[in-house]
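Beneath this line is the structure, given in structure tokens, with notes to follow.
FYI, it's all coordinate maths here, none of it is from the lab. What you see is a predicted model; the values in this text were computed from it and never measured. Glycine also receives a Cβ, built like all others from the backbone with ideal geometry; neighbour counts cover every protein chain displayed.
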Amino acid sequence: MDLKPSKCSKAIAYDIIFMDCQMPEMNGYEAATELRRLEGPNRRVPIVALTAEAIVGCRDKCINAGMDDFLAKPVKLEDIIAALEKHLQTSGRYKPVTSQPGCSSS
């Protein structure tokens, strides 16, 4: 199965991408750059970097490659939720859940 960004981005309209920076064949920096190149002028999917590289300059490297945010591994659930809320609110795709169907607050 071909999972190169050019194939994946055309096949599925993603709301957000969590990009591992250290992947075989094409690393996350290259993949983000390629995805940005392929996007049309009316679409920008948020890309959040996931990396074990928590060294000085790594966040800037991710942003310069076209990613929108940076999370260092190991990732906490709260960090993922914050990234989802931040980037999906910005894109207009986030709808806060105030209650779940079938649940009562009493």
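When a/c reaches 1.5 or more, the comparison of a/b and b/c decides; with that in mind, is the range 18-91 rounded, prolate or oblate per its Cα gyration tensor?
In terms of gyration-tensor shape, oblate.
In order along the range 49-56, the Karplus-derived 3J(HN,Hα) couplings, from 6.51 cos²θ - 1.76 cosθ + 1.60 at θ = phi - 60°, round to 6, 10, 8, 7, 7, 9, 9, 4 Hz, and Gly and Pro are given as x. Taking a Cβ cut-off of under 10 Å around Val48, the surrounding Lys, Arg, Asp and Glu residues balance to a net charge of -2, with basic ones at +1 and acidic ones at -1. Given R0 = 35 Å, the distance between the Cβ atoms of Ile80 and Asn42 translates into a calculated FRET efficiency of 0.85.
Ala82 sits among other residues whose Cβ lies under 14 Å from its own Cβ, and their net charge, with Lys and Arg +1 and Asp and Glu -1, is -3. Of all aspartates and glutamates in the structure, those lying under 17 Å Cα to Cα from Lys86, and not within fewer than 8 positions of it along the same chain, are Asp15, Asp68, Asp69, Glu78.
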